[in-house]
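First comes the structure, then the notes that go with it.
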Amino acid sequence: MRTKFKFTENPNFTKILSLFLALIMWFIVAGSKRDALGQEVRRTFTNIPLSYRNLGQDLVVTELDESVTLFLQGTPQASDGLTPADLEAYVDLGGKWKGRHELRVYAEVPPGVSTVSITPAKVNVILEDLVTRQMSVESSLLGQPAAGLIIERINIVPAEVFIKGPRQKADLVKKVVFHLEVNEAQGSIVSSARLYPVDSRGSIVPGVTVTPELVDVVVNLGLPQKDLPVKAVFKNNGKSVEKSVIEPAVVRVKGPQELLAENTCLLTEEIDLSGRPAVFSLDVPLVFPEGILAAKIDKVRVQVFLAD
């Protein structure tokens, strides 16, 4: 009688079954790990600031998109807690010169996260020459000093500064100014003032920097001044003057504007002619009207020629 062969009695059956069961267990364990780790997730980050790298010397970026959108993918562990501060989007300007360029946008993301796409994927960048120029500082004073005072002198340190910016904008700068309030000031002003690059209309030119940004300013105030001719005053005592020569013939005085307008000359103190020789000279003090002061000198030299 023929004996029926049973597959289960095959000596290799146990080995095959063990291998099969091991494979099943591996898939179960691997699936459990994937479940524990979780499937990769996608996240979208908008308004990521767009920066640049490797800008050439003496070049400046004048046009570039402000931000892009990043589409990212990663495990929950890597994605959880991810913020825009952890991401960077940039264009590479290496080897680029003045002009317009269409460049690919790159992203730098943390480990465990990959970039799926970037919108826009490419952007236009405009590069211009960066120029530096030296310019003198000019003042722009606001208001008027207290009544009767004028600005005598303005000292600025430093008197010259440097502007820096794209050539197209630097060409618009006509002067560098500071604004300083002097309204109703009653004495000298000592201050620091910020500098501004302005065009022919006095408007600030954006995109241009000034170095240094601040200057030290001293504004000296004083009374208005006026030059007045000098007239000699004599006490004759029976003598007459043929001619007199006054040095200096004109003297500068200072005082309130209304008083200066009222006075047309300065007089000397009275010169007594008694006992004088036919020709003599002497220093004579000046007589200043009330409210009028000497700007520099308060006496003159008078040479007198007496008549025979």
(message) Being of a type in the set (S, T, N, Q) and modelled with pLDDT under 90: is that true of residue 12 here?
(response) yes
(message) Condition first: surrounded by 13 or more Cβ atoms within 10 Å (Cβ to Cβ) and not assigned by TED's automatic domain parsing to the domain that holds residue 156. Can you find one or more residues in region 235-243 that meet it?
(response) yes
(request) Look through 86, 129 and report the one residue that is of a type in the set (D, E, K, R) and within 27 Å of the chain's Cα centre (by Cα). (result) 129
(request) Please state which one of 154, 126 is over 30 Å from residue 68 (Cβ atoms) and touching a Ser or Thr at 6+ places or on another chain (Cβ under 9 Å). (result) 154
(message) Between a residue in region 260-284 that is surrounded by fewer than 16 Cβ atoms within 10 Å (Cβ to Cβ) and any residue that is of a type in the set (S, T, N, Q) and assigned to a strand (DSSP E or B), which pairs come within a Cβ distance under 8 Å, given they are 6 or more apart or on different chains?
(response) 279/303; 280/303; 281/303
(request) Scan region 61-80 for residues that are touching a Lys or Arg at 6+ places or on another chain (Cβ under 9 Å) and closer than 30 Å to residue 131 by Cβ and jot them down. (result) 62, 63
(request) With a cut-off of at least 1 residues that are within 30 Å of residue 137 (Cα to Cα) and within 58 Å of the chain's Cα centre (by Cα), name the strands (runs of 3 or more DSSP E) lying wholly within region 194-308. (result) 209-211, 214-222, 225-235, 250-254
(request) Out of the residues in region 32-62 that are among the charged types (D, E, K, R) and part of a strand (DSSP E or B), state the one that is modelled with the highest pLDDT. (result) 53
(request) Just give me the residues in region 193-235 being farther than 13 Å from residue 162 by Cα, of a type in the set (Asp, Glu) and touching a Lys or Arg at 6+ places or on another chain (Cβ under 8 Å), in sequence order. (result) 199, 227
(message) Condition first: surrounded by 12 or more Cβ atoms within 10 Å (Cβ to Cβ) and under 30 Å from residue 292 (Cβ atoms). Now tell me which residues in region 94-150 satisfy that.
(response) 139, 141, 144, 145, 146, 148, 149, 150
(request) Give 163, 156 a once-over and let me know the one that is farther than 25 Å from residue 60 by Cα and in contact (Cβ under 8 Å) with a residue 24 or more places away in the chain. (result) 156
(request) Name every residue in region 129-169 that is assigned to a helix (DSSP H, G or I) and either modelled with pLDDT of 95 or more or closer than 27 Å to residue 260 by Cα (or both), in order of residue number. (result) none
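The values are calculated or read from the model by the stated rules, or taken from the named source; none is laboratory data. On a predicted model such as this, the values are computed, not experimentally measured, just so you know. Please note: Cβ atoms are built from the backbone with ideal geometry, for glycine as well, and neighbour counts cover all protein chains shown.
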